[in-house]
Amino acid sequence: MTTAEQAQAAEQAQAAEQAQTGQVARAEMVREIYLAGIAGKKPKLSTDLTTLEDAARAVMEPHAHAYVAGDAGTGTTGSANREAFEQWRLLPRMWKGVSERDLSVSLLGQHLDVPVLLAPVAAQTVAHPEGELASVRGAAEVGVPFVLSSFSSHSMEDVAKEAGSQPRWYQLYWPNDPEVAESLVRRVSVAGYTAIVVTVDNPTFGYRPSDLDAAYIPFVHGQGIANFTSDPAFQAGLPADGGAMAAVGHWAKISSNPTLTWDDLPRLRQWTDLPILIKGVQHPDDARRALAAGADGVVVSNHGGRQLDGGVAALDALPAVRAAVGPGVPVLMDSGVRTGTDVVKALALGADAVLYGRPYVYGLALDGQAGVEHVLRCLLADLDLAMTLTGCPSIADITRELLAPRGPLTI
Ligand SMILES: Cc1cc2nc3c(=O)[nH]c(=O)nc-3n(C[C@H](O)[C@H](O)[C@H](O)COP(=O)(O)O)c2cc1C
Ligand SMILES: CCCCCCC(=O)C(=O)O
């Protein structure tokens, strides 16, 4: 071996050792909340999600809680999302050597410590004054990547400064103004975001009785429009003497875009080299069309049941979408994911990773950054334990064989 080869081998050995140590440290961190509980240390916030949501409801302004919790119409899509997870049971396997678990995945060429990202949630200052700044810090602390909503309360640049080294992605609501759309997209890469998630299930706001009864949506009150008010192309379209209300009015005019078709996607490609995921896909043909139009992957989602009432559960749509796009294409899912075992079920049915939505907003409302961290630690501890108990030392071990439909086994 030459000296150069020896040095390279030593470097590789060191990198492998560091990865191993990092992995073990992560597993310990993930389990911290569980081990603390067993050791008799009471957590500040509940580790039970229903209790946590009740506590959040008690501290949040009623209209803010209505906005976060709200579903479309009679809530049947929201209920279907949860029922779909209940239809499946885990069938664990024993003696699979699970003393160490590796929760990491590789997606779009990026290393993710865990197969969970924070879902884009608009206007987070309704839950806590620090909004997305606290959420992204909490996520970074536990190694969870963040997807920032187009309609965030803080600008993408300000959020980026708080994000640490975890990957951050940007969710795009493609505005009905080409100059603003292009300007936003170009800012995304400059601010260090590493993927764009284009949401397609929102050509208009859903029919949400809780918001209508409370006569409240955050944007009308100037919350959730920071990416626009900080944008030069948006500012150029404002009347000179307009003031804050003019910004809200202009935002309302361009923020939703029912004109879009799949033929528009190549235009986005001209503005960015970043990978593009399409969020809100439910029909397998739409997944195929998204890829044909230039997308790199899809997010199976019904927006947490907030858009269309009476829709299919996202988990029920997932296997057909996976089958349509084939094994190598990134497929994420959200809508109804609440626990570590839900994550295992989604992965077993074809997702590469999940987006986690409302629960972290409840953590944010209860205790800012620490609340988000708490909720994520609970989820990841539960996921780590679920992998241990089902016999999965790595994410690749989570396969369809782990699942059985409710009822007697037919194996
Ligand atoms: C308060 C709230 C605001 C949301 N804002 C956005 C948004 O700006 N962009 C987007 O793509 N999805 C948005 N979503 C949808 C989430 O990204 C995700 O699809 C949904 O929360 C998943 O459902 P779950 O929270 O019930 O699991 C929002 C969801 C909530 C609850
Ligand atoms: C016209 C689209 C408004 C979307 C608001 C943010 C969102 O996705 C949600 O509340 O859900």
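Placing +1 on the Cβ of every Lys and Arg and -1 on the Cβ of every Asp and Glu, with no other charges, gives the chain a dipole of roughly 680 debye about its Cα centre. Test of understanding: given the chain, find the longest segment containing no trypsin sites (Lys or Arg not before Pro) that are in a DSSP loop and have at most 11 other Cβ atoms within 10 Å. Within the chain, the longest run free of exposed trypsin sites (Lys or Arg not before Pro) spans 45-405. Computed from the Cβ-Cβ distance with R0 of 35 Å, the FRET efficiency linking residue 50 to residue 176 stands at 0.35. Net charge near residue 297: determine it from the other residues with C-beta under 15 Å of the C-beta of residue 297, scoring Lys and Arg +1 and Asp and Glu -1. Combined, the nearby Lys, Arg, Asp and Glu give +1. In the chain, the DSSP beta bridges split such that about 20 percent are antiparallel, to the nearest 5. A cut-off under 13 angstrom between Cβ atoms defines the neighbours of residue 159, and their net charge, with Lys, Arg +1 and Asp, Glu -1, is -1. For the residues 384, 352, 48, a GNM of the chain with alpha-carbon springs under 10 Å puts the largest fluctuation on 48. Taking region 137-153 and a reference point 7 angstrom along Cα→Cβ of residue 245, no backbone N atom is nearer than 18 Å. Computed in the context of the full set of protein chains, the accessible area of the chain at 1.4 Å probe radius has 55% of its extent on carbon or sulfur.
Using DSSP to define loop residues, name the GluC sites (Glu not before Pro) in region 127-210 whose beta-carbon has at most 10 other beta-carbon atoms within 10 Å. Intermediate values should be presented prior to the final figure.
Working: sites: 130, 132, 141, 157, 162, 179, 182; in loops: 130.
Here no loop site has a sparse enough neighbourhood.
In this simple spin-label model, placing a label point 7 Å from the Cα along the Cα-to-Cβ direction at both residue 283 and residue 262 gives a separation of 0.9 nm.
Take the convex hull of the alpha carbons in region 310-361; its mean projected area over all directions comes to 3.9 nm². Our analysis of region 255-411 gives Rg over Rh at 1.00, with the two radii drawn from alpha carbon positions and Rh computed by the Kirkwood formula.
Positive end of the dipole of the chain (Cβ unit charges, origin at the Cα centre): among 346, 110, 191, the Cα lying farthest that way belongs to 346.
Each part reduced to its alpha carbon centroid, region 334-378 and region 226-243 end up 35 Å apart.
Other residues whose C-beta falls under 15 angstrom from the C-beta of residue 210 contribute a net charge of -2, scoring Lys and Arg +1 and Asp and Glu -1.
Please give the residues of region 185-227, grouped as numeric ranges, whose backbone N is less than 15 Å from a label point set 7 Å along the Cα-to-Cβ vector of residue 74. Once the point is set 7 Å along Cα→Cβ of residue 74, 209 turn out to lie under 15 Å by backbone N, inside region 185-227. Apply the membrane-span-like helix rule to the chain: whole DSSP H runs, Cα extent along the own long axis of at least 27 Å, mean Kyte-Doolittle hydropathy at least 0.0. List the helices found. Within the chain the helices that satisfy the rule are 358-390. When the alpha carbon coordinates of region 52-405 are projected onto the principal axes, the ranges are 71, 47, 40 Å, largest first.
Using the rule -39500 (n - 2.57) for each DSSP H run of four or more residues, divided by the residues of the chain, the 222 nm mean residue ellipticity is -14500 deg cm²/dmol.
The values are calculated or read from the model by the stated rules, or taken from the named source; none is laboratory data. Only a predicted model underlies this, so the values are computations on that prediction, with no experimental measurement involved. Virtual Cβ from ideal backbone geometry, glycine too; neighbours counted across all protein chains shown. Note: areas computed on protein heavy atoms with side chains; ligands, DNA, RNA excluded. Shrake-Rupley method; radii C 1.70, N 1.55, O 1.52, S 1.80 Å.
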